[in-house]
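The values are calculated or read from the model by the stated rules, or taken from the named source; none is laboratory data. Quantities reported herein were computed from a predicted structural model and do not represent experimental measurements. As a convention, Cβ positions derive from the backbone with ideal geometry for all residues, glycine included, and neighbour counts pool all protein chains shown. Ligands, DNA and RNA are excluded from the accessible area calculation, which covers all protein heavy atoms including side chains. Shrake-Rupley method; radii C 1.70, N 1.55, O 1.52, S 1.80 Å.
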Amino acid sequence: MDSGKIIERVKGILTTPQTEWPVAAAEPATVSGLYSGYIAILAALPAIAGFIKGSLIGTGAFGITVRMPIGFGIGEMLLRYVLTLVLAYVVALIISLLAPSFGGQKDTTQGLKTVAYAWTAYWVAGIALIVPWLGWLIAILGGIYSIYLLYVGLPHTMKCPSDKAAGYTAVSVIIAIVLGWIISIVIGSVFAVAALGGGAMSGMQITSSDGSSVSVDGNSALGKLAAMGQQAEQASKELDAAQKSGDNAAQQAAMGKMMGAVSGTNGSVEALAPDQIKAFLPDSLGSLKRTSISAQRNNAMGMQVSDASAEYGNDSGQHITLEVTDTGGAKGFVAMAAAMAPEEDKETDHSYEKTHTVDGNMVHEAWDTQSKSGEYSVVLGQRFTVKANGNPDSIDQLKQAVTSIDLSKLESLKDAGVKSN
């Protein structure tokens, strides 16, 4: 596809998606052709814009401008670009695997075509990162429009019924957002390691039906992320069989296994029951009495997550919100994020924020002495999160709120409800 055709396709998808999608869906294509003739070009736009903004223009506030060193800026740009290319293929594979569950046809190439053209708005809007103040807003609007483009395109590329396109879109977007979040962490941590150690990524291959491939290190965080797609492909065989049988219970169980593979748990996880997780919240926090409490367990496409929250306050207006979350079926994502999260320490004349590790658990704390507000959270067993936030007298009260929970008992439940495939 030459530059003229790329411009025409971008224009068509953005301005007349209802008529452009049927044309795009019917075109013959290969994975390598989509990458070389479209994705590789469009995906470079936000990466380049980020480099220009971060290293050439800089980020400024209160008369101070901060620029990332050119070498680091180039390194981050290249890493962001490569990870975006890999993410596009992983999401395309997942969209293909989900197709039968929404009455569509599984096809990896069509899945990649779906990603390529739906993400066009997001990639093009990414150029606006160069624009001061409004740049982020424009980029967000581009992302929202990409969701709409996905909704319009799925019935054409994946052959799903129009009445199932909304659900198909919702599930695909949720997975893409979570994977994109992990990619952001990878950029912050893997690049830092690479910058210090000069390590290269090589070894593992993600191979498509037409023979094209992307190589990454199978032992790296990125390699494990790519492996999610391959694990999901194996799990999808059971989903296909369950879909053909018409057994709703079997379909739900198979979807749970596939979501487990995608989330990195390689199996389903039953999150703690609402009453069980609510029992960890104390009746009071020192002089602060509990004023409300709630708990719930949600189940979406076989992936369960439970959370409980309580409000504490006194007559002086002080309040603390204490939350306990069992990430359940998403614990694979949490484990990967915790493993890759960089340790940070930021400080101003009236506030600080830092992320560090204590006894193998990730801890985040932030406090502002002017507003007397902040938060303190800990990730336990790479599955549970406990967070306290509010406006007590000091950060120590938030720490005490978290430790008022029996953390060792909660962490001991990290394998509760885990069922291997």
>> I'd like the residue in the stretch 139-173 that is under 27 Å from P46 (Cα atoms) and of a type in the set (S, T, Y) and, out of all such residues, is surrounded by the most Cβ atoms within 10 Å (Cβ to Cβ).
In response: T157
> Does S408 satisfy the condition of being at pLDDT 85 or above, among the hydroxyl-bearing types (S, T, Y), assigned to a loop (DSSP other than H, G, I, E, B) and surrounded by fewer than 18 Cβ atoms within 10 Å (Cβ to Cβ)?
Replying inline: no
> Picking from S394, S404, which residue would you name as being farther than 17 Å from S306 by Cα, of a type in the set (G, A, S) and in contact with a Pro (Cβ under 9 Å, 6 or more places away or on another chain)?
Replying inline: S404
>> Just checking, does the stretch 89-103 include any residue being touching a strand residue (DSSP E or B) at 6+ places or on another chain (Cβ under 8 Å) and either of a type in the set (S, T, Y) or at pLDDT below 85 (or both)?
In response: yes
> Do any residues in the stretch 357-376 that are farther than 15 Å from V402 by Cβ have Cβ atoms under 6 Å from those of residues that are open to solvent by 40 Å² or more (accessible area, probe 1.4 Å) and not aromatic (F, W, Y), where the two are at least six apart or on different chains, and which pairs are they?
Replying inline: T369/H350; Q370/H350; K372/N391; S373/N391
> Do you know which of the residues in the stretch 349-387 that are among the basic types (K, R) and open to solvent by 60 Å² or more (accessible area, probe 1.4 Å) is farthest from L413 (Cα to Cα)?
Replying inline: K372
> Is it fair to say K159 is assigned to a helix (DSSP H, G or I), in contact with a Gly (Cβ under 7 Å, 6 or more places away or on another chain), modelled with pLDDT of 50 or more and within 28 Å of W21 (Cβ to Cβ)?
Replying inline: no
> Regarding T348, is this residue of a type in the set (S, T, N, Q) and at pLDDT 90 or above?
Replying inline: no
> Of the conditions (1) open to solvent by 80 Å² or more (accessible area, probe 1.4 Å); (2) closer than 24 Å to A118 by Cα; (3) modelled with pLDDT under 85, V66 fails just one. Which one is it?
Replying inline: (2)
> Does any residue of the stretch 307-319 turn out to be of a type in the set (S, T, N, Q), modelled with pLDDT of 90 or more and touching a Pro at 6+ places or on another chain (Cβ under 8 Å)?
Replying inline: yes
>> Looking at the stretch 104-123, I want the residues that are free of Cβ contacts under 8 Å to residues at least 60 places away in the same chain and farther than 29 Å from G50 by Cβ and have a partner that is open to solvent by less than 10 Å² (accessible area, probe 1.4 Å) and aliphatic (A, V, I, L, M) with Cβ atoms under 8 Å, at least 6 apart or on another chain. Which pairs are those?
In response: Q105/A99; Q105/M158; D107/A99; D107/M158
> Just to be sure, is E375 within 18 Å of H356 (Cβ to Cβ) and more than 23 Å from the chain's Cα centre (by Cα)?
Replying inline: no
>> Go through the stretch 280-294 and report how many residues are assigned to a loop (DSSP other than H, G, I, E, B) and polar (S, T, N, Q).
In response: 1
> Filtering the stretch 1-46 down to residues that are at pLDDT 85 or above and part of a loop (DSSP other than H, G, I, E, B), which residue is most open to solvent (accessible area, probe 1.4 Å)?
Replying inline: P28
> If A250 passes every condition in (1) at pLDDT below 75; (2) under 22 Å from V178 (Cβ atoms); (3) touching a helix residue (DSSP H, G or I) at 6+ places or on another chain (Cβ under 6 Å); (4) aliphatic (A, V, I, L, M) but one, which one does it miss?
Replying inline: (2)
